[in-house]
Every structure is written in structure tokens, then in C-alpha cells.
Amino acid sequence: MDAPAGLRDVVVTTTELGDVRGDEGFYHYRGYPAIELARTRALEDVWFLFLEGRLPDPAERARFAEDVAARRHLPDEVREVLPAVARAGDRFAPIAGLRTALSVLAAARGLPPVWDAAPERRRADALLVAAVTPTVLAALHRLRAGLEPLEPRADLSAAANWLYLLTGEVPDEARAAAVQSYLVSTVDHGFNASTFTARVVASTGSDVVSAVAAAMGAFVGPLHGGAPDRALDGLDEIGSPDRVDAWVREKVRSGDRVMGFGHAVYRTEDPRARMLRDIALDLGRRGFDPDLAEFATTVERRVVEVLAELKPGRALYANVEFYAGVVMAQCGIPRSMFTPTFAVGRVIGWAANVLEQAAGGKVIRPAARYVGPPAPRPLPTTVPTGA
């Protein structure tokens, strides 16, 4: 039996980590509503939840935060390669640089295949990879800009530390809370392309870094995690509310995607977009680029209306990328670091999926239906000259 294109709705395994109910506009982490967690709990709490299967008590949370902070620092072998990685290429590609740095980290720390590693070692490797990811990404950003990388600060939360490493300034409470909510909301989201990629690699028994780096390769695609900056580019192209209709109609007429709208799973409003819209408007009321927040909401309403007219019967609403870019811009995150910020949260989910897959011990090996020339084909009776 042939599988649908893109493996849509094909169940490939079981998981205890979370689920997405697209028709309901709902997703959860180990049974807890993800948006409720994003509004009320620290990233460290959710990180602990993914690793341990439960939310921490205050003492466990403090110990876990200390453990994470201790793993944020980079070994010398990684530090030495970062300047060359940051300078490489005409276009800054921080996720590609992160993959390179993590590969060096795996070699320097001797990360073993998960097939050979005890559960305690797998957990330690998964925690390390997720903890150093923001340190590496921020260092690459600053080096590319001609600035010195900063040392992580143990006295800052994971979200506040990320903003500090990027900007060199300790963020105020409002912006730290906004980024934290965004990071929590993006830790995991079902068997998306990058998460599935991580699990395929983990199923072979490979090491944690190989699985996570493969996930990153899938993640940067513009049809997956590489859209937050493109969605904000769309706002720039529109420029003013009176140009929304013409912009959308031209996109649809030319067959282009309207970045930041529509989702592969949700048939209702993306709950992450709804939360981030509230955060963007709240930041605007606090004086953080209020014009951007208001313009975004105006554009969203009209884009949804025009898409409903042009594509009747399809549920096309703003997705997480549309308002993620707005919130990150309000928090002072450079546009080139929008997708890396997404990765700072998602790497926690990738690592947890690697651990769950490693415990299963079964290699993922699907089949494909061959549609080429009939086989066996006879070989030509003559061999081309010069062969």
C-alpha cells in the first residue's frame, strides 16, 4: 500500500513526549497544555519535564538550572574553530556553523554512539548539546559582527542568558519573559520533519550530535523552521495597510507561498500564533516597537480575509513564524538570528526525541515504490568508445 505524499497522517511510532491535535488547535508536552506551560513556566521546568517525565519541584528546578548553566561553556577545541566558521561564506549561516561546532564538540568530548552508551551517558550528552547550542550560536553571531563572544552567566535563566549572549546586555523582565514563552512554545511539535530526521538517525544507533545535526539540516528549510525572518520580510514588502490586498493577490497569482500563513497540521488558528500575538501587543503597550505590533495585527486580519476569498475551503491562518518574527524584533534579536532562536528551544525537543528513540533499539527502514523503467533492463550490446 502506498503512503500519502509527505507521509501525511502516517503513524510511524509511539511517543510519550507530546502530541499535536490539529483539528482542535491544541498541542501538549507529556499531557500538559504547551501554551499554558509557555505562559506560566520557565524553560528549565519544561526542559526537565522532557528529560524526566514530570515537572520539577523547587529544589529540583534549582539543581537542574545549575546543571544546565555548568554545561553552557565551550571546550577550547570548539572555541578555536568558531572564528573561521563565523567568517565562512558571503552569507552568514549560523545553523550551518552550529552543526560544524557541534561536530567538533562531539569529537572533543568523545560522544559515543547511543547504541553503546548507558542511559545516564545518553542523558548527559543530550543535556550538553542543548545547553551549548545557544552559546555557540551567539558566539558565531558576535564574531561575524566583529565582536568578542561573551561567557554565559550562571545567574541568568536560559532565556535571559540567550538575550545577554546576543546583545551584551542583561534583558529587562518583559523581554526575557517574552523570549522564554516563545522558546517554551517551540520545544516540540509532533513528528515534524526535523524531529523525524533526528529519530531516523538515532534509530541507527548513532551519537546524539549526529542525530541533532541532521535535524538542524532539515530545520533550516524555509518550509520548516527557516521562515520567521521571511515572514517579517513580508511585512517590509507590504509597507503600509493599503498595500496588503495587492501584495497577497500577487503572491497567490504567481504561485508564491505567503510566508507566515498556513500550517501542515492545524485546521484552526495556530495556538502559538495566538499566544505570540498577545505577547507582541503587550510588548507594544510597554513601548517596544508598538507600531510593528499594530501593523502586524492589521496585516494578519486582512491576509486571512483575502486568502479566504482566493482559496475558499482552506483554513489559512497566521502560524507561529508570523508573530515569532515580530516578538523577536521587539526583543532586539537581529533578523539573522530568528531561526537560530527557534533552534535554541527546539534542540531540547530533538534531544529528548533522540533519547526516546535510542531506548527503542529498532532501526527505521521504510520502503519506496519504484516507478522507473521496468526491470531488469537489458544492457546495450555495444560499449561506447572511450569507456
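Taking the 1.4 Å solvent-accessible surface of the chain as the whole, the part contributed by carbon and sulfur is 52%. Taking a label point 7 Å from the Cα of D245 along the Cα→Cβ vector, which residues of the range 285-299 have an amide N closer than 20 Å to it? Once the point is set 7 Å along Cα→Cβ of D245, 295-299 turn out to lie under 20 Å by backbone N, inside the range 285-299.
Computed 3J(HN,Hα) for the range 369-378, one whole-Hz value per residue from the Karplus formula 6.51 cos²θ - 1.76 cosθ + 1.60 where θ = phi - 60°, is 8, 6, 10, x, x, x, 10, x, 9, x, glycine and proline marked x. A simple count of charges around F50, restricted to other residues whose Cβ falls under 9 Å of its Cβ and scoring Lys, Arg +1 and Asp, Glu -1, yields -1. Mind jotting down the distance between the C-alpha centroids of the range 177-207 and the range 361-382, whole Å? Value for the Cα centre distance between the two parts: 32 Å.
Would you please calculate the Kirkwood hydrodynamic radius of the range 55-150 over all C-alpha pairs and express it in Å, rounded to one decimal? When all Cα pairs of the range 55-150 are included, the Kirkwood radius is 14.5 Å. Rounded to the nearest 20, the Cβ-based charge dipole of the chain about its Cα centre (Lys and Arg +1, Asp and Glu -1) stands at 1040 debye.
Label separation (V383 vs L147): 6.3 nm, computed from points 7 Å beyond Cα along the C-beta direction. Here the range 280-337 is treated as an ellipsoid with the same Cα gyration tensor; its semi-axes, largest first and in whole Å, are 25, 13, 7. Summing charges over all other residues whose Cβ lies under 13 Å from the Cβ of E66, with Lys and Arg as +1 and Asp and Glu as -1, gives +1.
Across all C-alpha atoms in the chain, the radius of gyration and Dmax reach 22.1, 78 Å. Taking every full run of DSSP H in the chain, the ones that stretch at least 24 Å from end to end by Cα along their long axis and average -1.0 or higher on the Kyte-Doolittle scale are 119-144, 290-310, 338-358. Classified by the C-alpha gyration tensor, the range 7-103 has an oblate form. Its axis ratio a/c, with a ≥ b ≥ c, is 1.5 or above, and a/b does not exceed b/c. Surface exposure of the chain, expressed per residue as accessible area with a 1.4 Å probe, stands at 48 Å².
The distance separating the Cα centre of the range 87-105 from that of the range 220-261 comes to 27 Å. Using the Cα centre of the chain as origin and beta-carbon charges of +1 (Lys, Arg) and -1 (Asp, Glu), tell me which of V258, L150, I348 is placed farthest towards the positive end of the dipole. Selected residue: V258.
Exposed loop sites were defined as trypsin sites (Lys or Arg not before Pro) in DSSP loop states (anything but H, G, I, E or B) carrying at most 11 other C-beta atoms within 10 Å; in the chain the longest segment without such a site runs 92-313.
The values are calculated or read from the model by the stated rules, or taken from the named source; none is laboratory data. Note that this is a predicted model, so its numbers are computed, not measured. Quick reminder, even Gly has a Cβ in these numbers, built from the backbone with ideal geometry, and neighbours come from all protein chains shown. Side chains included, ligands, DNA and RNA excluded: accessible areas come from the protein's heavy atoms. Shrake-Rupley method; radii C 1.70, N 1.55, O 1.52, S 1.80 Å.
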